[in-house]
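Written below as structure tokens is the structure these notes are about.
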Amino acid sequence: MTVEQAPTEAQVRDALRPIQDPEVHLGILDLGLIYGVQSDPNGTVRVRMTLTSPACPVGPLLQAQVHSAVLKLPGVKEAQVELVWNPPWDPRTMASDEIKMELGLL
């Protein structure tokens, strides 16, 4: 019997890369909305994320998409997705250069 190892942070981030914010049609990872990923050896993966604004109407959808993507990874027994608001999201400092160009910030 083989025991599956919990995914690495890079593997979790790769799984999240296709998820887009449906309002701006840009990836949540490149937008800088993922603040942290923690993968425990016991198979629990925790993702800290934020939204473009606290009043974001698609927040529950994005949270569910992240939860689902993490659960599909081999070795994951539990996924926890925590919404955080501190620090407030700022695309000028948190988004990738590609996204900054897309948003007209560069």
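Here are the numbers for the structure shown:
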read-out	value
Subset tally (residues that are farther than 12 Å from residue 83 by Cα and more than 12 Å from the chain's Cα centre (by Cα)) for segment 20-55	12
Residues being surrounded by 19 or more Cβ atoms within 10 Å (Cβ to Cβ) and free of Cβ contacts under 8 Å to residues at least 60 places away in the same chain - total across segment 1-18	2
Qualifying residues in segment 83-96 (those that are touching a helix residue (DSSP H, G or I) at 6+ places or on another chain (Cβ under 9 Å) and of a type outside the set (Phe, Trp, Tyr)) - the one nearest to residue 45 (Cα to Cα)	83
Hits in segment 41-60 - residues which are surrounded by fewer than 13 Cβ atoms within 10 Å (Cβ to Cβ) and out of contact with any Phe, Trp or Tyr (no Cβ under 9 Å at 6 or more places or on another chain)	41, 42, 55, 57, 60
Those residues of segment 22-34 which are in contact (Cβ under 8 Å) with a residue 24 or more places away in the chain and either in contact with a Gly (Cβ under 8 Å, 6 or more places away or on another chain) or more than 16 Å from residue 94 (Cα to Cα) (or both), in sequence order	22, 23
Selection count, segment 68-106, where residues are part of a loop (DSSP other than H, G, I, E, B), free of Cβ contacts under 8 Å to residues at least 60 places away in the same chain and farther than 22 Å from residue 54 by Cα	4
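Readers should treat all values here as calculations from the given coordinates under stated rules, not as data from a laboratory. None of the values given here were measured: they were computed from a predicted structure. Virtual Cβ from ideal backbone geometry, glycine too; neighbours counted across all protein chains shown.
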